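The values are calculated or read from the model by the stated rules, or taken from the named source; none is laboratory data. Keep in mind that what you see is a predicted model, and the values were worked out from it rather than measured. FYI the Cβ positions are ideal-geometry reconstructions off the backbone, even for glycines, and counts take in every protein chain you see.
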Amino acid sequence: MIQREQAEKILKTVLAASTADETQVILRSEDLSQTRFNNNWIHQHLFRETYSVEIKVVDQNRVGMATVNDLDEAALKKGVADALHNASFVKANPNLVPMPEAKPVLEIDGINQNTLNLSDMDRADLVASMIDVAKENSVDASGSFANELSVLAVANSKGVMTYHAGNNLRIRSIMANGLQTGYSEAMSTDVEAIDFVAVAKDALWKSKLKAEESITLDLGSYDTIFEPQAVADLLRFPGYIAFNGQSLADGRSFMAKAMGQKIFDEKVTVIDDAYEPRHVPMPFDAEGMPKEKVVIIDQGVAKGVVYDHASAFRAGKETTGHATAGRRGGASPGHLIIAPGNSSIEEMIKQTKRGVYVTRFHYTHCPEPMQIIATGTTRDGTFLIEDGEIVARLKNLRFTDSMLRVFANVDSLSQEQFLVKDWWFTFTMLVPAMKIKDFTFTGNTTF
Amino acid sequence: MEEMIKELLLYAQKLGAEYGDIRYTKQRERPLMMRNGEIESAAERLDSGFGCRLIVDGGWGFASTPAKDFEQLKGMVERAVSVAKASARYKLASVELIPVEIVQDKKATPVKTDPFTLNLDEQAQLLRQCHEIMVQVPEVRVTGGNLYQSREDKIFASTEGSWIEQTLTITGAGIDCLARGNDDVQRRSFNLNKTAGFEAVVAMDLPAKAEELAQQAALLLTADNCPEKTRSLILDKTLARLQVHESCGHPIELDRVLGSEDTYAGKSFLTPDLFGKDFKFGSEKVNITADATLPQGLGSFFYDDEGVKAQRTTIVEEGKFKNYLTSRETAKDYGGVANGTMRAMNWANIPLIRMTNINLEPGDWSLDEIIRDTKDGILAVTPKSWSLDDKRLNFHFAPELAYEILDGEIVRPLKNASYTALTPEFWASCDAVAGREKGEWEVLGSISCAKGEPVQSIGPGHGVAPVRLNNIKTGLQD
């Protein structure tokens, strides 16, 4: 792991080497240990160390960028020279927004020692404890266990100088009972907070329940209960399409015409809060600006979007600290949270006359972004509910529905929230389970 | 470098490695981004490092580092051994690799105009010209463009004695526009990448494409929605590329078939029991190959990342499924041939079975003939959205633009089109593949196909031409 002193030395070397009017430097590093298993054995296993230094210069309104992954002084200076060289070729842009001035940033201790001390063998042992659950129940375990330690440090020539290190883990489990599968996952900053056997057993019951036969559902609209990871896929679409200032300015977001209006069910409150301790906390963004808690939807009413410095400046607002790194940059809500309700998955099932239970989705996409009409298929445990009980396993289903309609039709939310990622790994979110009235299924699969 | 890598391989063997390979890659990328006529940035990205893959006690281990110092690289080898020993503790059987030819070789992508020697400002001017053309259409409110160049120097060395050096060059470009009006927003886009020099970008004729895209985006604002109907479907070659990629290319990856990608990418409907049985994948018009030797394909190279020579493999012959994409570990029970498909995004990642150039071989029709021969159908152009289930059976695709065809004539543009089907039924309905006319069959490629955990994004190629399918459900909701 790159320590603060070393990081600051790297950032200062870049700033000192630059002759540009403005310079920004982003240092990122990641130590990733990942164990993948399939058919009850570990088939892929790695340790990956990566780091990069992203340099952005603005010289006479011309932007140049360079990224290097050598940390010695000569390589950093070459990176600066490359960025300046690139800027010299670009036509001046008089509309460029100046880089932000420094703001106070909160210190957060993001390192969990239990997680940091986990060895390769410890990881294998934890995976083995899940494989044991599979073997004891005559099913096959597959999954993935990632332990990530990351550093982000940002500086610019206007006084920004920030550093944060943090770690987290994520375990994903599929249990295959012949052709019937069940899924579960857990994520935390603390390995001691994850019960690996419980995750395995949560996947197990979904592989075993009503496993003798799966039936084909008549297509149409059904009251549908979503586990948290499925909720994450539903929220991902408005998250990346609509909840940022640039989409608002371009008119690509439904939020552009909805501010102050009730667009979702009043039970729905969506915020972005990078300081929430159950999340993976992060005090600043890729411009070194402090994270602000942003209320996006308040009891169904559209309230706000997230901004980076440039999109905020153009909108006459202050950045909310949601800039992302990389070539395209822009703002993104990286710490989405849906406020809890007062129900539970068990209660939702009990209250359902006829409906569908969805464990997770696969390969969702959005063919129509203004109405956020999305599609995707269910997988790893889709069930039919009748008279308050799960009565049958369903063949997987394709949904096609507008997320505006979906979040306007919320019946209930669970009191418990879960830290999950969507299928695409776009966002980490803290969300409850959710029951939607009249969710639209438009296709069947054969399994 | 050679002496150091060979010493590291000896060190791995000393620590107990039964097999080991080390890859060093050094990549230089140069992306240029334009938005609304302004070059947002010109960038340069340099990335290099080492990856070490070992088998110890029959278990796999991998470690990678950007460090260059010998002692730190020894640490990478030690970590790979530690990881492998942890894998081996819970192995079911020892990993075995089928034999491969030991090779010493050095190769490079043929390049006519080296993109890295060109003036960036002149390249940027091409994108500005496209912007100026697109904004001539009043409905166009946002324009975008990009140029991409990459050069990767790779070294592969194994404890078996192979030493392979390759230099791969990729050049690409894209433009897009967003039109607003009639209470609607519509987008048109074009993007293409090839293993070639800047001559590939010149051949794209971006200014002509800019004019076409802008006009089409404006046209879509007042176009009718695509009605729900079961009818013929003609895919233009850009959509055929993605359809082949998603519903032909991914299901034939043997690692996916065997379950190793299950938690993220899923499995495949082409289950192991279908191998060697001439399973009916499609109609007799459907011939699919994997060919890493094609000129300019994004999946073109000389050796894969476990040192297997690039090759051409028959995947589907006259509709019958013949072969998977394989690796040295998986090929044993599936034909016994590692067909050279193991690729890693870079030094930092494990090689996985990845598509090379997965091609729908050209047919004996032309696109004009297919349109004239279609009584009731739509011509779908450029992917907008796509979604498939975890076995690649049920899928839903949406194009940016469609045209309705009635009695052999294009009668109107349609927006918000989509189509859905099951993969084998879809390809079984194929009765016409174009490719007879010059330029109809082309190797297209996109640099962003995701697979693996951690996710690796890599570029496969696809030789494709327009193709017709029949009795396909089309329309917005289904």
- Task: Could you check, for segment A:98-108, whether at least one of its residues is more than 14 Å from chain B (Cβ to nearest Cβ), acidic (Asp, Glu) and more than 23 Å from B:Glu44 (Cα to Cα)?
- Result: yes
- Note on the structure: When B:Asp121 is run through (1) farther than 30 Å from B:Cys177 by Cβ; (2) facing another protein chain (nearest Cβ under 8 Å); (3) among the acidic types (Asp, Glu), the failure sits at (1)
- Looking at (1) of a type outside the set (Ser, Thr, Tyr); (2) under 22 Å from the mean Cα position of the chain (by Cα); (3) not in a strand (DSSP E or B), can you tell me which one B:Gly463 breaks? (3)
- Query: How about segment B:23-66: which of its residues are at the interface with chain A (Cβ under 10 Å from one of its Cβ atoms), part of a loop (DSSP other than H, G, I, E, B) and at pLDDT 95 or above?
  - Reply: B:Pro66
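Yes/no matrix, rows are residues, columns are (1) closer than 30 Å to B:Gln216 by Cα; (2) surrounded by 15 or more Cβ atoms within 10 Å (Cβ to Cβ); (3) in contact with a helix residue (DSSP H, G or I) (Cβ under 8 Å, 6 or more places away or on another chain); (4) without any contact (Cβ under 8 Å) to a residue 24 or more places away in the chain:
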residue	(1), (2), (3), (4)
B:Asp69	no, no, no, yes
B:Ser87	no, yes, yes, no
B:Ile102	no, no, no, no
B:Asp105	no, no, no, no
- Query: Is it the case that segment A:368-382 has a residue that's surrounded by 23 or more Cβ atoms within 10 Å (Cβ to Cβ) and more than 10 Å from every other protein chain (Cβ to nearest Cβ)?
  - Reply: yes
- Message: Out of B:Arg231, B:Arg312, I need the residue that is closer than 27 Å to B:Ser158 by Cα and at pLDDT 95 or above. Which one?
- Response: B:Arg312
- Exactly one of A:Val90, A:Val80, A:Val53, A:Val68 is under 25 Å from the mean Cα position of the chain (by Cα), outside the structural domain of A:Met289 (by TED's automatic domain parsing) and among the β-branched types (Val, Ile, Thr), and that one is A:Val53
- Does B:Thr326 qualify as being touching a strand residue (DSSP E or B) at 6+ places or on another chain (Cβ under 6 Å), on the phi < 0 side of the Ramachandran plot and of a type in the set (Val, Ile, Thr)? no
- Give the number of residues within segment B:47-67 that are free of Cβ contacts under 8 Å to residues at least 60 places away in the same chain and over 30 Å from B:Pro31 (Cα atoms). 8
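Let's see how each residue does on (1) surrounded by fewer than 24 Cβ atoms within 10 Å (Cβ to Cβ); (2) within 21 Å of A:Pro333 (Cβ to Cβ); (3) within 18 Å of the chain's Cα centre (by Cα); (4) of a type in the set (Gly, Ala, Ser):
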site: A:Glu389; (1), (2), (3), (4): yes, no, no, no
site: A:Ala392; (1), (2), (3), (4): yes, no, no, yes
site: A:Leu397; (1), (2), (3), (4): no, no, no, no
site: A:Val406; (1), (2), (3), (4): no, yes, no, no
site: A:Asp411; (1), (2), (3), (4): yes, no, no, no
site: A:Glu416; (1), (2), (3), (4): yes, no, no, no
site: A:Leu419; (1), (2), (3), (4): yes, yes, yes, no
site: A:Trp423; (1), (2), (3), (4): yes, yes, yes, no
- Message: Show the residue pairs meeting these rules: Cβ distance below 8 Å; 6+ apart or different chains; first residue within segment B:422-436 and at positive phi; second residue of a type in the set (A, V, I, L, M, F, W, C).
- Response: B:Gly435/B:Trp365; B:Gly435/B:Trp441; B:Gly435/B:Ala465
- Message: Of the residues B:Leu393, B:Leu414, only one is in contact with a helix residue (DSSP H, G or I) (Cβ under 9 Å, 6 or more places away or on another chain), closer than 17 Å to B:Glu246 by Cβ, in contact (Cβ under 8 Å) with a residue 60 or more places away in the chain and not basic (Lys, Arg); which?
- Response: B:Leu393
- Item | segment B:197-245, subset of a type in the set (Ser, Thr, Tyr) and not in a helix (DSSP H, G or I), residue nearest to the chain's Cα centre (by Cα) | B:Ser232
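In this structure, is B:Thr113 among the hydroxyl-bearing types (Ser, Thr, Tyr) and either surrounded by fewer than 18 Cβ atoms within 10 Å (Cβ to Cβ) or part of a loop (DSSP other than H, G, I, E, B) (or both)?
yes
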- Task: Could you grab the pairs with beta carbons closer than 7 Å, sequence gap of 6+ or different chains, first residue in segment B:283-305 and under 11 Å from B:Pro460 (Cβ atoms), second one part of a strand (DSSP E or B) and among the β-branched types (Val, Ile, Thr)?
- Result: B:Ala290/B:Thr313; B:Ala290/B:Ile315; B:Ala290/B:Ile358; B:Gly297/B:Val443; B:Leu298/B:Ile170
- Note on the structure: When every residue in segment A:278-319 that is more than 18 Å from the chain's Cα centre (by Cα) and under 13 Å from A:Val105 (Cα atoms) is compared, the one surrounded by the fewest Cβ atoms within 10 Å (Cβ to Cβ) is A:Pro290
- Identify the single condition in (1) touching a strand residue (DSSP E or B) at 6+ places or on another chain (Cβ under 6 Å); (2) crowded, with 22+ Cβ neighbours inside 10 Å; (3) in the same structural domain as B:Gly299 (by TED's automatic domain parsing) that B:Glu246 does not satisfy, given that it satisfies every other one. (2)
- Message: If B:Ser87 satisfies all but one of (1) more than 8 Å from chain A (Cβ to nearest Cβ); (2) modelled with pLDDT of 95 or more, what's the number of the condition it fails?
- Response: (1)
- Residues that are of a type in the set (D, E, K, R): find the strands (runs of 3 or more DSSP E) completely inside segment A:1-102 holding 2 or more of those. A:22-38, A:41-59
